[in-house]
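**Student:** First, the structure itself, so that you have it in front of you.
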Amino acid sequence: MILGVGSSILTDDSVGLVVAGKLGERLAGRGDVDVGVNEEAGFSLLEESLGYDRLVVIDSILTGREPGTVMRLDLADLGRTIHSNSPHGANLATVMELGRQQNMDVPDEVVIYAIEVVDVLTFGEELTPALAARVGAIVDEIIGEVFPEPSDSTDERGRRP
Amino acid sequence: MSKRITIDPITRLEGHGKIEIFLDDSGNVSNAYFQVPELRGFEKFSEGRMAEEMPRITPKICGVCPTTHHMASTKTLDDLFHVDPPRPAKLIRELINTAFIFEDHALHFYFLGGPDFVVGPDAPAAERNILGVIAKVGLEIGGQVIDIRKRARNIITELGGRVIHPVCGLPGGVSRGLTEENREEFRKTAADAVEFAKFSLQLFEDVVLKNKTYVDLIVGDVYKHETYYMGLVDENNKVNLYDGQLRVVTPTGEEFAKFEAKDYLDHISEHVEPWSYVKFPFLKKVGWKGFVDGPDSGVFRVAPLARLNASEGMATPQAQAAHDKMYETLGGKPAHNTLAYHWARLVEILYAGERMVELLEDDDIMSDNIRTLPTETPTEGIGVVEAPRGTLFHHYKTDERGVITQANLIVATVCNAAAICMSVERAAKGLIKDGVVNDGLLNMVEMAFRAYDPCFGCATHSMPGQMPLVVEIKDPEGNIVERLSQFVDG
């Protein structure tokens with residue numbers, strides 16, 4: 001399951017949604033993956049990922065790197081935020097652990113591709129130009145990462161029976 | 001190719017939620033500021049759009065309270081198009097909003113606020129989360145939280161069209177009614193919601209109220225502010241989360257104002273500070289006197305405790321009993337204890353459960369008379385609902401075609417922004433003496449603002465998806481003398 005997350009009306013915060021949209025087009029012929037978007041966060045990501053072997057989340061990040069830089073993270077990288085004081089929601093690592101505790105069918109593997117962005121505080125439906133120019137390359141990069149070799153599977157969508 | 005990194009959460013924080021504490025020459029706190037991110041350009045973004053788009057756009061502002069944005073926006077369209085929805089449509093809207101507040105409050109208590117008490121304010125930060133709560137109360141409870149939340153959200157999905165961003169609200173009504181199957185299922189959900197709320201209140205009593213340390217913390221002075229309070233009330237001055245008039249009470253509990261949403265600008269003004277993009281709403285007829293409490297300061301508070309304070313009680317019997325018990329323990333009404341927001345939140349989930357039962361018992365909710373078609377020329381509209389985090393205002397102006405020319409929102413967290421600053425300052429003053437920062441500072445400051453369940457909205461979709469707490473302590477010249485982060489120290 002590939003899931004783009006973010007807000008579609010906060011400029012670069014939509015990059016996860018935009019990239020997921022492109023991935024959905026590119027991967028439409030494959031039977032072993034579902035591609036979706038989620039404008040919420042935290043708990044709903046757990047719900048959407050249930051029953052899949054693997055969850056790939058695409059989101060934005062601000063670290064000061066070049067716009068469009070893709071960073072691969074896993075839940076351990078988020079682990080330090082498990083006790084974060086966010087006033088709402090819960091982070092991915094926490095909700096996945098919660099799902100495991102509750103014997104829910106959580107993915108065995110969770111990977112996050114965080115894309116460096118410029119502006120997530122201004123209302124707008126377009127990406128900033130520097131980031132927009134990188135979308136094609138980002139899509140290629142993530143496909144190369146997620147599917148290093150062609151898959152023969154055609155009748156499963158990555159979801160366990 | 002992409003590389004593996006470890007997130008430095010602090011980088012994500014710049015420009016976002018941040019606490020700045022200024023020390024005087026003696027090393028004691030002179031001021032403490034709580035800064036929240038300000039989203040830019042909403043007015044410009046809205047201009048030129050058809051007003052009917054707003055209930056579908058505004059929920060996207062926030063991944064946290066999309067449902068209440070949808071409802072506030074829909075009510076604004078009623079006003080804008082001068083149309084009064086039929087009663088069944090109002091019942092359906094209220095059911096959706098109430099289901100949302102129920103599930104959001106429940107999530108807050110167990111995931112976010114509860115850890116402070118159920119796990120303990122002195123527990124290591126790494127344990128103060130939902131996993132720590134479950135470790136203490138049992139795995140089964142975790143399953144119950146997940147189950148009841150899912151079922152409450154199903155009400156929103158079925159009636160709202162989509163769970164995250166509902167699309168059902170139209171000027172003059174809603175787009176679909178209930179089926180008998182819906183009603184039967186939702187009734188079970190509502191009945192279970194009442195039981196879950198009662199269980200949660202019992203848990204609060206067993207874990208918090210029977211622990212003298214916690215009770216002392218709640219009723220103590222550290223988190224206490226004697227402010228004005230505002231919330232929506234019905235015709236009997238009982239709490240209403242969807243409709244009614246806005247009632248404001250004084251710090252001693254007398255009614256100070258009661259007004260329709262459309263008159264909000266007569267009562268509320270916004271103060272600007274040079275250090276923050278956020279405007280601080282205050283009561284116009286009292287005036288802005290700074291970040292201080294008392295009857296002469298126009299600072300007011302919203303959200304659960306404020307709603308209960310601003311009312312004359314709850315409109316449902318079991319919630320009323322829980323309300324009475326809370327005020328008895330806190331020493332009367334209004335209660336000024338910020339940590340009692342957690343308790344009031346639980347009283348409200350009981351009300352929300354009972355109210356869902358009532359709404360579903362009302363046969364009008366099954367009527368197919370769910371829309372009054374607007375026929376008048378749109379002009380200006382103002383709508384208000386109670387969000388989990390407090391009163392939410394939407395205000396639009398359009399041309400005669402219904403194209404937006406001006407749009408403004410006042411969101412709940414902003415209404416509480418001044419009070420949050422005050423609570424943070426109070427906690428900081430108690431924990432920083434002569435330049436020595438007490439180890440408990442982060443926890444105590446965190447508890448001060450978490451009680452309000454503030455929402456910084458909106459930009460927090462970006463990774464790591466949450467806002468770490470960073471406190472900067474500055475000398476009188478503004479130089480940073482210490483920088484604390486919950487991630488680093490936790």
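**Student:** For chain B, what is the relative contact order in percent, using Cα pairs closer than 8 Å and at least 6 residues apart in sequence?
**Tutor:** 27
**Student:** What is the magnitude of the charge dipole of the range A:2-146 about its Cα centre, with +1 placed on the Cβ of each Lys and Arg, -1 on the Cβ of each Asp and Glu, and no other charges, expressed in debye to the nearest 20?
**Tutor:** 180
**Student:** Please work out how much length the chain gains when fully extended from B:Trp275 to B:Asp24, using 0.36 nm per residue of separation minus the C-alpha to C-alpha distance, in nm with one decimal.
**Tutor:** This chain segment gains 88.6 nm when fully extended.
**Student:** Of A:Met104, A:Pro129, A:Gly29, which is farthest towards the positive pole of the range A:2-146's charge dipole, taken about the Cα centre with +1 and -1 on the beta-carbons of Lys, Arg and Asp, Glu respectively?
**Tutor:** A:Pro129
**Student:** Kindly flag which residue pairs out of B:Lys75/B:Lys188; B:Lys90/B:Lys325; B:Lys75/B:Lys397; B:Lys150/B:Lys198; B:Lys188/B:Lys325; B:Lys212/B:Lys325 have an alpha-carbon separation exceeding 21 Å in this structure.
**Tutor:** B:Lys75/B:Lys188; B:Lys90/B:Lys325; B:Lys188/B:Lys325
**Student:** Using a basic spin-label model with each label point 7 Å from the Cα along Cα→Cβ, how many nm lie between B:Glu226 and B:Asn369?
**Tutor:** 5.1
**Student:** With a 10 Å Cβ neighbour count serving as the proxy for reagent exposure, in which order, fewest first, do B:Val118, B:Val29 appear?
**Tutor:** Lowest count first: B:Val29, B:Val118.
**Student:** Quick check: pseudo-label points 7 Å beyond the Cα along Cα→Cβ at B:Asp234 and B:Phe259, how many nm apart are they?
**Tutor:** Going from the B:Asp234 label point to the B:Phe259 one covers 2.5 nm.
**Student:** Moving to a separate point now. Multiply the residue gap between B:Val167 and B:Arg87 by 0.36 nm, knock off their C-alpha separation, and tell me the result in nm, one decimal place. Intermediate values should be presented prior to the final figure.
**Tutor:** Numbers: separation 80, 0.36 × 80 = 28.80 nm, distance 1.91 nm.
Working it through step by step, the gained length comes to 26.9 nm.
**Student:** Under the definition of Cα pairs under 8 Å and six or more residues apart, what whole-number percent is the relative contact order of the range A:2-146?
**Tutor:** Relative contact order for the range A:2-146 comes out at 35 percent.
**Student:** Sticking with this structure for a sec: According to a simple spin-label model (label point 7 Å from Cα along Cα-to-Cβ), what is the distance in nm between A:Arg54 and B:Ala321?
**Tutor:** The modelled label-to-label distance comes out at 5.5 nm.
**Student:** Which one of A:Ala76, B:Val385, A:Leu55 is farthest out on the positive end of the charge dipole of the protein assembly as shown, using unit charges on Cβ (Lys, Arg +1; Asp, Glu -1) and the Cα centre as origin?
**Tutor:** Looking along the dipole axis, the top candidate is B:Val385.
**Student:** A further question follows. With a Förster radius of 30 Å, plug the Cβ-Cβ distance of B:Asp266 and B:Asn31 into 1/(1 + (r/R0)^6) and report the FRET value to the nearest 0.05.
**Tutor:** The calculated FRET efficiency here is 0.45.
**Student:** If you don't mind, there's one more thing I want to ask. Can you give the % of DSSP beta bridges in the protein assembly as shown that are antiparallel, to the nearest 5?
**Tutor:** Values: 52 of 77 bridges.
Close to 70 percent.
Bear in mind these aren't lab numbers, they're just calculated from the coordinates by the rules spelled out. What you see is a predicted model; the values in this text were computed from it and never measured. Positions of Cβ are backbone-derived with ideal geometry, glycine not excepted, and every protein chain shown enters the neighbour counts.
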